[in-house]
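Novice: The following block contains the structure, expressed as structure tokens.
The values are calculated or read from the model by the stated rules, or taken from the named source; none is laboratory data. This one's a predicted model, so the numbers in the text were calculated from it and none came from an experiment. We place every Cβ from the backbone using ideal geometry, glycine too, and count neighbours over all the protein chains shown. Heads up: the accessible areas ignore ligands, DNA and RNA and are worked out on the full protein's heavy atoms, side chains in. Shrake-Rupley method; radii C 1.70, N 1.55, O 1.52, S 1.80 Å.
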Amino acid sequence: MDILTQTKTGFTSIIKSFFRKKRYRIGIYGPPNAGKTTLANRITLDWTGENIGAVSEIPHETRRAHRQSDICITDSRGHTVIIDIVDTPGVTTKIDYKEFLEYGITKDEAILRAREATEGVAEAMHWLREDIDGVIYMMDSTQDPFMQVNIMMIGIIESRKLPVVIVANKIDLPDAVPQRIRGAFPQHPVIPVSSIEGKNVEDLYDNMVRTFR
Amino acid sequence: MPHKCLKCGKEYDEKSPELFSGCRECGSRKFYFIGELSRTEKKVSDDIRRPVLKKRGNYEYDNRNPVNERAEIIKDRTHSPIESIRIIEPGSYELNIHKLVESDDRVVRLNDEGSYMLDLISMVHPKKRKKWF
């Protein structure tokens, strides 16, 4: 890089820093049971020492969007970004209370859970439209990435021109194939992590600072 | 789960490559999701119509026949993804994700009977996104 290019890059970054937003609102989206709340808890625990929400194996445990404000993330080069993390309910095209019955909850509880989950998805979609500055899109790397909801959501995020980091979660499981996700969405950064074990989260933080800053 | 081309109505399965490359018939890249129930309903509508056609011995469609009218209504419903949330029964819902993002309507609460509560104020004054660059 010659001296002229270096000067130009330095000057541009100084000018940009004047106009840069103070804080970004980052939504964690993805299908149910991809590990959104586990990742949100990992990020908030790492940087603020607090948890954001409860985790469960029953789908749609998160039925309302939860927000944790003023999380200052620093990457390995010392750059920082201040974000609000919004943990959203799992996005799906069909919610049926019968799916929840096998987890040992009563029919009334299952119907209520399905209704709240539907309201939660509607709310999360509305947030995506107006209140979100960037997206962390979670996928389960043991599952097929070509699920209808993934294709649809990535399309929506692209059409709204929101910066996105795709997280290939659950790489600690033996049947995880994060390369499938990378192959399916080569146009976006795909970071393989294990939210539950904290594996490779530093790489995710580096990418978050690079993408959302 | 099947998808239907928004332009020509051709159906594709979930993993069809046409969902990415575009419809084989018309080239459109816009598809909408059709649930299993919609498929069943369509099959039912075809079954209802078939005996009527056989009985008449021709393929003209009789709008005055109430059975045919019902079949047409069901067919129309499967072809138009108008609703953002479709209540199949209490506790079972089909969600139109595109519609939920793009619509000005904001669903705040669902009732047991299948009615919706909407946040009217947010629809009248949508918040503008700030553009910094």
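Novice: Would you mind finding the one in A:I154, A:I73 that is more than 28 Å from B:R29 (Cα to Cα), at pLDDT 90 or above, surrounded by 17 or more Cβ atoms within 10 Å (Cβ to Cβ) and β-branched (V, I, T)?
Specialist: Within the list A:I154, A:I73, the selection yields A:I73.
Novice: Exactly one condition in (1) of a type outside the set (A, V, I, L, M); (2) under 17 Å from the mean Cα position of the chain (by Cα); (3) at pLDDT below 90; (4) in a loop (DSSP other than H, G, I, E, B) is false for A:W127; which is it?
Specialist: (4)
Novice: Another question about this same structure. If you scan the stretch A:130-142, which residues turn out to be open to solvent by 10 Å² or more (accessible area, probe 1.4 Å) and either part of a helix (DSSP H, G or I) or in contact (Cβ under 8 Å) with a residue 40 or more places away in the chain (or both)?
Specialist: A:E130, A:D131, A:D133, A:D140
Novice: I would also like to ask the following. Across the stretch A:42-64, what is the number of residues that are buried (at least 17 other Cβ atoms within 10 Å of the Cβ) and over 20 Å from A:N169 (Cα atoms)?
Specialist: Count: 1.
Novice: Condition check: open to solvent by 20 Å² or more (accessible area, probe 1.4 Å), among the charged types (D, E, K, R), over 26 Å from A:D172 (Cα atoms) and within 13 Å of another protein chain (Cβ to nearest Cβ). Does A:E123 satisfy that?
Specialist: So A:E123 passes the test.
Novice: Has the stretch A:131-138 got any residue that is closer than 23 Å to A:E61 by Cβ and within 9 Å of chain B (Cβ to nearest Cβ)?
Specialist: Checked the stretch A:131-138: at least one residue is closer than 23 Å to A:E61 by Cβ and within 9 Å of chain B (Cβ to nearest Cβ).
Novice: Give me the pairs: first residue in the stretch A:167-184 and closer than 17 Å to A:N207 by Cα, second residue acidic (D, E), beta-carbon distance under 7 Å, and six or more apart or on different chains, which are they?
Specialist: Filtered contacts from the stretch A:167-184: A:N169/A:D140.
Novice: Please go through (1) open to solvent by less than 10 Å² (accessible area, probe 1.4 Å); (2) of a type in the set (V, I, T); (3) assigned to a helix (DSSP H, G or I) for A:V167 and return the number of the only condition it doesn't satisfy.
Specialist: Just one mismatch for A:V167, condition (3).
Novice: Something else about it: Give the residue, chosen from A:T118, A:T92, that is in a loop (DSSP other than H, G, I, E, B), within 9 Å of chain B (Cβ to nearest Cβ) and more than 30 Å from A:G49 (Cβ to Cβ).
Specialist: A:T92
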